[in-house]
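In what follows, a single structure is set out as structure tokens and then discussed.
Any read-out appearing in this document is the output of simple, stated calculations on the displayed coordinates, not a laboratory observation. Just so we're clear, the structure is a prediction, and the values are computed from it rather than from any experiment. In this analysis, Cβ positions are derived from the backbone assuming ideal geometry, glycine residues included, and neighbour counts consider all displayed protein chains.
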Amino acid sequence: MSSLRARRSTDSGTRLVLRSGARLRLAAHALRGYPHEVVGLLLGSAARAEVSAEVWEARPLENEQEQDPARRFVVSGLRLARAEAAAEAEGFDVLGYYHSHPDHPASWSDEDRDQALPGRSYLIASVSGVVGAPTLEALRCWRLAEDRSEMLEERLDSGPEAVQTQSS
Amino acid sequence: MPVQILIPSALRAYVDRQTAVSVAASDVVGALRALTDAYPGLARHLRDESGQLRSFVNVYLGEDDVRHLPLGDRTALRGGEVLTIVPSIAGGAR
């Protein structure tokens, strides 16, 4: 049974601004990876991360999931630590992570919630269609509730044109 | 001599933005307990409801993943060691 249920969307009260270059890169990654899930880092400035942060770069990571890469992703701790340290050495703040949901909505799953780190943004790209010509359906962003009971929706903005989102 | 625990950036908000916390403990599990006793807000993100380390929480003693040590988190500490908390990320559509 899918763990993706119809969910009430609760506002996190925070906002993530996605620069167009980062949006294009993560969208290209999600489309290129279809029908497998892809994953990557959201890098930028956390100067005002309590309420708002800006993603300057989306940096792909390798999905190490071997058993079911169309439905799951994993990045091991040491690889993640190396990637984050390299990004921080370049002057980026690690704001969060993106991953794709092939042929599924851009809503969080129980697995997403259970594995989430606090204080990070989790951007999900819904991709559907056929191999060779998939379509980016939606981007939505989530943040773990402090009590770990749910993921709260984070406002996602981009310039100059708004990112397509879907309401629950 | 205390044990030093290196805190990943994602969890530093729970330890007053410190990159490392020093604790006194005789084994790994005791060190982690001392850490969450000192910073209770961190506990729910390190352990699940049954008290086990969450699956995405990896702890290294020096270069070794504690889960792969013969005694696991009961591995003894003499003081001066460095423990590193290394989260992995995972998830998926179902």
Would you please classify the overall shape of the range A:13-151 from the alpha carbon gyration tensor, given that a ≥ b ≥ c denote the square roots of the eigenvalues, rounded means a/c under 1.5, and beyond that prolate means a/b larger than b/c while oblate covers the rest?
-> rounded
By the scheme Lys and Arg +1, Asp and Glu -1, what is the net charge of all other residues having a beta-carbon under 9 Å from that of A:Ser128?
-> -2
Which value, in Å³ per residue, describes the convex hull spanned by the Cα atoms of the protein assembly as shown?
-> 133 Å³
Derived scalar couplings ³J(HN,Hα) [the range B:78-90; Karplus, 6.51 cos²θ - 1.76 cosθ + 1.60; whole Hz; x for Gly, Pro] = 9, x, x, 6, 10, 9, 10, 8, 10, x, 9, 10, 7
For the range B:3-87, what log10 I(q)/I(0) values come out of the Debye formula at q = 0.14, 0.23, 0.26 1/Å, with one point per alpha carbon and no solvent?
-> -0.40, -1.20, -1.58
What ranking do B:Ser88, B:Ser26 get, fewest neighbouring Cβ atoms within 10 angstrom at the top?
-> B:Ser26, B:Ser88
